[in-house]
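Since every read-out is calculated from the coordinates, none of them should be taken as a lab result. Worth saying up front: this structure is predicted, and the values here are computed from it rather than measured. Cβ placement follows ideal geometry from the backbone for every residue including glycine, while neighbour counts extend to all protein chains displayed.
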Amino acid sequence: MNRLDGAQALAYVRSRYYQELHDGKWVYVGNADLGRVERQRTFLSALMGKIGDTKNPFTLLAVGSAVADGGGFKFDDQLTYFKALGVAWQFRSFHPESETVPTTPATRGGAAVLDLAPNASGVLARYR
């Protein structure tokens, strides 16, 4: 487990050319955009889990303040400080879970893509 500051977290979730340190040697992780999406999911899950475990109202107040002050999050144009505080308060009982959407690898126009598998509709229906 690593604790990241803001700049490190931003670099972690935005990097398309990501490297990891394995046995003292930097190794390129070659999954580009898909890896970036996975890192973003991992980061947001950890962040929301941390907020979800928080019972301290002052910590939640700080989260609400950071979101309302444009801390990189944009929900809508009407997000006020108190609305952001409400969002932070709702996350106090949030415990994210991972779910895999069934896909099939394909290539179109030279680009690698993931098509939804026939059995993906059941997973997606839970989020509609």
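Close amide H contacts of Val29 (hydrogens built in the peptide plane, cut-off under 5 Å, sequence separation of 5 or more or a different chain): Tyr18, Gln19, Glu20. In this structure, Leu34 and Gln90 have a Cβ-Cβ separation that, at R0 = 41 Å, corresponds to a calculated FRET efficiency of about 0.85. The Ala117 and Asp23 beta-carbon pair, evaluated with R₀ = 41 Å, returns a calculated FRET efficiency of approximately 0.70.
Multiplying the residue separation of Arg3 and Lys50 by 0.36 nm and removing their Cα-Cα distance gives an extension gain of 15.7 nm.
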